[in-house]
Amino acid sequence: MDISRIAVHESVAKACPLELMVAALQGPDIPVEIVGDDASFDAGDCVVTFSPRDAFLNAIWVHGIRAGYDEFDVAAYEAAGTALTNSTGIHGDTVPETVVGYMTAFARRLHIYRDHQSDSDWTQEPYDAPFTLTGEQVCVIGLGTIGQGIADRADALGMEVVGVRRSGDPVENVERVYTPDELDTAVADARFVVLCCPLTEETEGMVDAARLAQMRTDSYLVNVARGPVVVEDALVRALDDETIAGAALDAHWEEPLPEEHPLWDHESAIVTPHVAAFTNRYHEDIAALVQENVERATRGESLRNRVA
Ligand code: NDP
Ligand code: 7N6
């Protein structure tokens, strides 16, 4: 692969400032440029982007700065002979720390007190509302970079960790690994169910009304995966009917979540604007991945994180 330009698409600004990304990618040999939707590409281009565009299929290689690549048409990349790489592997601290934050908020009732603060409201939660994470079970669905980071932290907090992955292979700090056909069993005893799997044909709608009904009535759903892994109406109904105790959502069905969406005002929901992975060094983490692959490409080796 002969790369003569690294083109940073303006959509990268959704995750980090463009000028920081350009500076981090700058090397002695290959020019780095910011490009917009009017740009055209050729076989010398590596495009670094947040979102897909049809024109990228003319480049030799496209790097998506997210772990999830569900918005990219993998078959079209394969047909065009354009390499597509993703950014899995860099979210092992950010997203798991956020997930620990959600679980801690629910257990220690911090989300309720924060809601009350602006009213100078001293009301204390009922005696039986607060609990500790220690001794509680978390079911981690998707045991890759993010799932492992959650499992490590939950285990260190004294939680019992179970999880789900397609292979069913064992994972460090996970006591029991289930396969997707055992999902109902996997979630049944968990106080927290955390979704951190990719959005695929298999996972879309994985958490529907029937699955929510399998969860404990005092359990919490955490979605840091993608919105459509959960059936929207079913979740809103489960929260309204108190079939489950609450939900923390970083990934949504429509982003931004519409202003009138019922979950914005739901006392049992924590809504964050798809920021679980945000960090002030995102540009450095992405640049390290891209630079490693530029070196690999130069040596004629296969690219890391290649998905097409
Ligand atoms: P990885 O590829 O490292 O891990 C994905 C895991 O999901 C693997 O363990 C895989 O295991 C498992 N998996 C795949 N299909 C299924 C299934 N049907 N049921 C259960 N498990 C399954 O990805 P990351 O951990 O880096 O990221 C995971 C996802 O999280 C991304 O695809 C993205 O959608 C989302 N994400 C969200 C972020 C945010 O800002 N909220 C940030 C980063 C990622 P196996 O192969 O054994 O099935
Ligand atoms: C942006 C991360 C992913 O898939 O959804 C996340 O990686 C976005 C900081």
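Could you list the GluC sites (Glu not before Pro) in the stretch 9-94 that lie in coil according to DSSP, counting only those with at most 16 other Cβ atoms within 10 Å of their Cβ?
Working: sites: Glu10, Glu19, Glu33, Glu71, Glu78; in loops: Glu71.
Here the GluC sites (Glu not before Pro) that fit, given the DSSP loop and packing criteria, are Glu71.
Find the relative contact order for the chain and round it to a whole percent, using C-alpha pairs within less than 8 Å whose residues are 6+ positions apart.
Once normalised by length, the contact order is 17 percent.
The chain: percent of C-alpha pairs farther apart than 33 Å? Show your work: numbers first, answer last.
Numbers: 14615 of 47278 pairs.
Looking at the chain, the distances longer than 33 Å represent 31 percent of pairs.
Taking only DSSP H segments of four or more residues, each worth -39500 (n - 2.57), what value at 222 nm results for the chain once the sum is divided by all its residues, to the nearest 500 deg cm²/dmol?
Working: 9 runs with 88 residues, N = 308.
Computed mean residue ellipticity for the chain: -8500 deg cm²/dmol.
Amide H to amide H under 5 Å from Leu84: which residues, 5+ apart in sequence or cross-chain, H placed 1.01 Å off N in plane?
Residues meeting the amide H criterion: Val62, Val307, Ala308.
How much of the accessible area of the chain, probe 1.4 Å, is carbon plus sulfur, in whole percent? Write out the running numbers ahead of the final one.
Numbers: 6880 of 14670 Å².
Ligands and nucleic acids excluded, carbon and sulfur reach 47 percent.
Any idea what the dipole of the chain comes to, in debye rounded to 20, about its Cα centre with Lys/Arg Cβ at +1 and Asp/Glu Cβ at -1? Provide the component values of the computation, followed by the final result.
Numbers: 21 positive and 54 negative charges, 175 e Å.
With Lys and Arg at +1 and Asp and Glu at -1, about 840 debye.
Determine the per residue accessible area of the chain with all protein chains present and a 1.4 angstrom probe, expressed in square angstrom.
Numbers: 14670 Å² over 308 residues.
In whole numbers, the chain has 48 Å² accessible per residue.
Please list, in order along the stretch 15-24, the HN-Hα scalar couplings obtained from phi with the Karplus expression 6.51 cos²θ - 1.76 cosθ + 1.60 (θ = phi - 60°), rounded to whole Hz, x for Gly and Pro.
10, 6, x, 4, 5, 5, 5, 4, 4, 5
Contact order normalised by length for the stretch 150-223, with contacts defined as Cα pairs under 8 Å and 6 or more residues apart; what percent is it?
Working: 82 pairs, mean separation 18.9, N = 74.
Worked out over the stretch 150-223, it gives 25 percent.
Report the relative contact order of the stretch 1-115, percent, no decimals, based on alpha-carbon pairs under 8 angstrom and at least 6 residues apart. Mind dumping the intermediate values first?
Values: 166 pairs, mean separation 23.8, N = 115.
Relative contact order here is 21 percent.
List, in order, the whole-Hz ³J(HN,Hα) value for each residue of the stretch 202-213 obtained from phi through the Karplus relation with A = 6.51, B = -1.76, C = 1.60 and θ = phi - 60°; use x for Gly and Pro.
Those phi angles translate into 6, 8, 4, x, 4, 9, 10, 4, 5, 6, 4, 5 Hz.
So what J values fall out for the stretch 298-308 if you push phi through Karplus, 6.51 cos²θ - 1.76 cosθ + 1.60 with θ = phi - 60°, rounded to Hz, Gly and Pro as x?
So the Karplus estimates, Gly and Pro as x, are 4, 7, x, 8, 6, 7, 6, 6, 6, 10, 8 Hz.
The values are calculated or read from the model by the stated rules, or taken from the named source; none is laboratory data. Keep in mind the model is a prediction, meaning the values are calculated, not measured. As a convention, Cβ positions derive from the backbone with ideal geometry for all residues, glycine included, and neighbour counts pool all protein chains shown. Just so you know, the surface numbers come from the protein's heavy atoms only, side chains and all, with ligands and any DNA or RNA stripped out. Shrake-Rupley method; radii C 1.70, N 1.55, O 1.52, S 1.80 Å.
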